[in-house]
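Here is the structure we will look at, set down as structure tokens.
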Amino acid sequence: GDAGGAAALSPFPALQPAHPVIERLEDFFASPEFTGAIGDFLSKESTKFEVFDLSAEQPLEYYAVFNQYQSMIESAVEAFLQKEGITPKQLYDICETESASGNSYSCLDYMVACTEYDDFLRLIADFKSMQQWDLPTGEGGGLEDGGLEDGL
């Protein structure tokens, strides 16, 4: 069941069909194993991040989380590359071409967030703001740690 993927959300139709490798990478990044791993990682690690100002100096602890995220994405991408039989450079070139042609994919966002610290901080910030919207109502804001576990 594919509902058109990320393209359906974009008001701009993709200028050209995605490169088949990108399509497979997008599927790979959308797989439950991958999204589950990222989701677990972000929900566990994002609690260490206070609301932050990207222009300010960041605590070193944030950078440590960034490094963990990097190695997680890199090992996932390496597994994908082995399966595809292409080099990281080839994948990078394909990604560059896709970005330049105006196509946007969540897989590219994940990969960019793993190379650019600022982008990673934005990913965390986005994740935290999405989480705030997902809180169940009537839980007193639901911000207490472990508030969701008890009463199950």
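Just to check I understand the Karplus step: with θ = phi - 60° and J = 6.51 cos²θ - 1.76 cosθ + 1.60, what whole-Hz values come out for segment 111-120, glycine and proline as x?
Result, ordered by residue: 5, 5, 5, 8, 9, 10, 4, 4, 5, 4 Hz.
By a straight-distance test (C-alpha under 23 Å), which lysines pair with Lys44 as possible cross-link partners, with residues fewer than eight away in the same chain excluded?
Within the straight-line cut-off, Lys44 pairs with Lys128.
So how exposed is Val112, as accessible area in Å² (1.4 Å probe, rounded to 10)?
Rounded to the nearest 10, that gives 60 Å².
The values are calculated or read from the model by the stated rules, or taken from the named source; none is laboratory data. Since the model is a prediction, treat every value here as computed from it, not as a measurement. We work out accessible area using only protein heavy atoms, side chains counted, and drop any ligands, DNA or RNA first. Shrake-Rupley method; radii C 1.70, N 1.55, O 1.52, S 1.80 Å.
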